[in-house]
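Working notes, structure below.
The values are calculated or read from the model by the stated rules, or taken from the named source; none is laboratory data. This is a predicted model, so every value here is computed, not measured. FYI the Cβ positions are ideal-geometry reconstructions off the backbone, even for glycines, and counts take in every protein chain you see.
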Amino acid sequence: MKNILRLDGNLTERLGFGLVTFMAVLTVIPIIGTIIYILLRGAPAISWEFLSTFPNDGMRAGGILPAIIGTFYLTIGTALFSVPLGIAAAIYLSEYAADNRWTRLIRISIINLAGIPSVVYGLFGLGLFVLFLKFGTSILSASLTLSIMTLPVIISTSEEALRSVPQSFRTVSISLGATRWQTIRRIVIKEALPGILTGMILGLERAAGETAPILFTGAVFFLPRLPHSPLDPTMALPYHLFVISTQVPEMPIQIQYGTALVLIFFVLTMNIIATVIRSRARARRQW
Amino acid sequence: MEKTLNWREFVITRLIKASGYSAVIFVVLIFFFLLREGLPALAEVPLSALFSLRWYPIEGNNFGILPLLTGSFIVTVGAGLIAVPFGIGTAVYISEIAPRWMREILKPLVELLGGLPSVVLGFLGILVLVPFLRRLLDIPTGLTAFTGSLLLGGIAVPTIVSVAEDALDAVPRDYREGAWALGATRWQTIWRVTFPAASSGVLTAIMLGIGRAIGETMAVMMVTGNAPVLALSAGSLFSPVRTMTATIAAEMGEVSNGSTHYHVLFFIGMVLFLISLGVNIAASSVVFKTKKRAERILS
């Protein structure tokens with residue numbers, strides 16, 4: 001009897017482990033498959049001409065230069081607004097905020113900001129930046145919209161990085177006569193920098209790949225020239241991929257895969273940089 | 001010197017404090033602008049027409065949002081049925097079973113999936129998944145709610161995995177050792193001790209994953225066929241539908257500012273905002289029991 005029970009336990013264990021492992025494998029295979037598939041199908045489209053010329057023949061020929069440049073501008077614009085604001089907010093939460101009702105309100109707001117659907121950000125950007133503040137459909141409006149969407153990621157990852165700096169570092173600095181701000185600027189931020197950078201890159205990675213928030217705030221179908229000022233609209237890689245895969249009839253498949261590959265390359269590079277910074281900082285950390 | 005330093009410190013401290021409250025300000029601003037542009041819809045379209053069964057805004061002036069609500073609902077339920085078991089299964093595997101080297105590979109891979117732009121998933125959906133499903137299921141079109149559910153499931157999985165994995169990881173080692181000492185097998189320990197101890201975090205993971213799925217736009221718009229028909233039976237899982245998010249994304253570009261159609265689209269945005277607010281407040285009320293998790297769910 002005892003033996004049967006034990007056997008039973010072993011059998012359930014093997015079944016359970018098998019099931020869970022099987023699910024993990026089924027989750028991971030499509031991820032790897034997706035990336036490899038796009039790499040293979042997209043690679044033949046990549047050439048210097050594809051990366052450095054404008055589209056022509058109604059997108060069906062030529063390159064994707066304005067979309068690449070546009071995504072680059074949007075990412076920089078997003079960083080300009082969201083990075084300083086996000087880091088300052090993280091400093092407030094980690095170094096100044098008391099644990100009270102107001103701080104809880106801030107935390108709940110951050111969580112909610114992170115959960116708002118991206119298309120709702122698009123509506124908000126249209127209502128506030130494009131129409132109310134009259135920035136028009138422009139890089140400025142789109143960058144501002146994207147930066148509010150990116151803010152929660154930057155705040156929460158930076159705060160975690162700041163908090164992981166041991167309290168004793170602050171105590172020593174202050175006891176040596178430094179002010180609070182000097183301590184934060186010279187000690188805490190310096191120690192937390194890798195973590196802050198990681199969060200920043202992960203946030204911007206998301207912004208670079210988003211389509212819905214820029215649909216009505218800054219992205220356009222086609223531009224005959226590169227944007228000249230932040231008040232010009234722009235093309236962008238994710239929006240371009242959407243357009244050529246759904247709106248253009250008889251679109252050559254190779255250009256579509258090529259565009260997807262460039263977008264994925266953009267995003268994956270940022271992801272890998274963030275991962276490398278994080279793991280190197282972890283290995284070097286002495287506390 | 002001393003004086004200027006203090007003055008600078010004062011200004012910087014104020015600026016930092018103001019930035020700290022920026023998240024609150026933005027949530028309020030977003031809600032305000034959705035109300036401002038969305039509430040006029042209630043004055044222009046009678047409530048009974050708004051909650052009717054026909055969405056045909058361009059020529060018919062029919063603004064019934066029920067087909068869109070049911071469309072979002074059915075796609076999200078499908079996504080949940082896929083993402084919850086796979087997300088939790090993967091989280092249990094990563095946190096409890098996988099050897100360390102495997103964990104180091106799997107975690108970044110799942111994070112990578114979370115970082116893939118949804119437009120890329122939609123693109124592959126159109127070219128690969130849609131034709132495949134059409135042939136496999138022998139249906140007239142592969143652009144169905146189910147196709148959307150599959151993609152959304154993939155998009156919700158990383159959220160569920162990372163939050164649930166954190167929750168499982170946060171269960172003290174003593175619990176497991178106690179169970180082993182009492183003679184439980186590893187599987188019994190996972191199933192009867194670790195998992196119940198982490199259940200609130202796992203619940204949060206599910207809610208956030210589903211919240212993510214409701215709000216997804218591009219992938220869903222590209223593969224669900226965009227047919228605003230009432231989707232209530234299980235059969236409609238395999239026919240084209242249209243979600244609230246897709247409707248906004250597809251139609252906002254073509255309406256004139258200030259028209260009824262424009263206001264109704266903002267009204268739909270308001271509904272989406274309130275749904276995500278509800279989901280996230282519910283999820284964070286569970287989360288706040290352990291602070292660390294509240295921070296991790298955002299990263």
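Structure values in brief
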{"read-out": "Residue satisfying all of: in region A:1-40; among the small types (G, A, S) and over 19 Å from A:F265 (Cα atoms); modelled with the lowest pLDDT among these", "value": "A:G9"}
{"read-out": "Boolean, A:T217 is more than 10 Å from chain B (Cβ to nearest Cβ), within 20 Å of the chain's Cα centre (by Cα) and among the hydroxyl-bearing types (S, T, Y)", "value": "yes"}
{"read-out": "Total residues in region B:115-146, condition more than 18 Å from B:I214 (Cα to Cα), assigned to a loop (DSSP other than H, G, I, E, B) and out of contact with any strand residue (DSSP E or B) (no Cβ under 7 Å at 6 or more places or on another chain)", "value": "4"}
{"read-out": "The one condition in (1) more than 9 Å from chain B (Cβ to nearest Cβ); (2) touching a Leu at 6+ places or on another chain (Cβ under 9 Å); (3) at pLDDT below 90 that A:V276 fails to fulfil", "value": "(2)"}
{"read-out": "All positions within region A:138-165 that are under 22 Å from the mean Cα position of the chain (by Cα) and outside any helix (DSSP H, G or I)", "value": "A:S138"}
{"read-out": "Considering residues of region B:87-102 that are surrounded by fewer than 21 Cβ atoms within 10 Å (Cβ to Cβ) and hydrophobic (A, V, I, L, M, F, W, C) only, the residue farthest from the other protein chains (Cβ to nearest Cβ)", "value": "B:W101"}
{"read-out": "Lone unmet requirement of (1) under 13 Å from B:F123 (Cβ atoms); (2) crowded, with 23+ Cβ neighbours inside 10 Å; (3) at pLDDT below 90 for A:L263", "value": "(3)"}
{"read-out": "Flag if B:I105 is within 11 Å of chain A (Cβ to nearest Cβ), more than 23 Å from the chain's Cα centre (by Cα), part of a helix (DSSP H, G or I) and more than 29 Å from B:R212 (Cβ to Cβ)", "value": "no"}
{"read-out": "All helices (runs of 4 or more DSSP H) inside region A:24-136 with 2 or more residues being within 12 Å of chain B (Cβ to nearest Cβ) and free of Cβ contacts under 8 Å to residues at least 60 places away in the same chain", "value": "A:65-91, A:101-115, A:118-125"}
{"read-out": "Single residue of B:P158, B:P140 found to be within 30 Å of the chain's Cα centre (by Cα), modelled with pLDDT under 90 and either within 12 Å of another protein chain (Cβ to nearest Cβ) or on the phi < 0 side of the Ramachandran plot (or both)", "value": "B:P140"}
{"read-out": "Residue match in region A:193-210 (condition: touching a residue at least 60 places away in the same chain (Cβ under 8 Å), in contact with a Pro (Cβ under 9 Å, 6 or more places away or on another chain), under 20 Å from A:T71 (Cα atoms) and hydrophobic (A, V, I, L, M, F, W, C))", "value": "yes"}
{"read-out": "Output for region B:30-51, where each listed residue is facing chain A (nearest Cβ under 7 Å) and either closer than 16 Å to A:T145 by Cα or touching a Cys at 6+ places or on another chain (Cβ under 6 Å) (or both)", "value": "B:I30, B:F33, B:L34"}
{"read-out": "Test: residue in region A:123-140 that is in contact with a helix residue (DSSP H, G or I) (Cβ under 9 Å, 6 or more places away or on another chain), closer than 20 Å to B:N280 by Cβ, among the β-branched types (V, I, T) and modelled with pLDDT of 95 or more", "value": "no"}
{"read-out": "Region B:161-191, subset within 11 Å of chain A (Cβ to nearest Cβ) and among the small types (G, A, S), residue surrounded by the fewest Cβ atoms within 10 Å (Cβ to Cβ)", "value": "B:G183"}
{"read-out": "Where B:L68 falls short, out of the listed (1) in a helix (DSSP H, G or I); (2) without any contact (Cβ under 8 Å) to a residue 12 or more places away in the chain", "value": "(2)"}
{"read-out": "Per-region count, region B:206-251, residues more than 19 Å from B:I126 (Cα to Cα) and among the charged types (D, E, K, R)", "value": "2"}
{"read-out": "Total residues in region B:15-52, condition over 24 Å from the mean Cα position of the chain (by Cα), assigned to a helix (DSSP H, G or I) and within 26 Å of A:A98 (Cβ to Cβ)", "value": "6"}
{"read-out": "Single residue of B:V92, B:V84, B:V11, B:V77 found to be within 30 Å of A:S82 (Cβ to Cβ), in a helix (DSSP H, G or I) and of a type outside the set (G, A, S)", "value": "B:V11"}
{"read-out": "Test: residue in region B:117-137 that is among the β-branched types (V, I, T), more than 17 Å from B:M218 (Cα to Cα) and within 9 Å of chain A (Cβ to nearest Cβ)", "value": "no"}
{"read-out": "Scope region B:53-73; condition over 22 Å from the mean Cα position of the chain (by Cα), closer than 26 Å to B:E216 by Cβ and not charged (D, E, K, R); matching residues", "value": "B:L53, B:W55, B:Y56, B:P57, B:I58, B:N62, B:F63, B:G64"}
{"read-out": "Wholly within region B:147-244, helices (runs of 4 or more DSSP H) carrying at least 1 residues that are more than 25 Å from B:L277 (Cα to Cα)", "value": "B:173-181, B:186-189, B:218-223"}
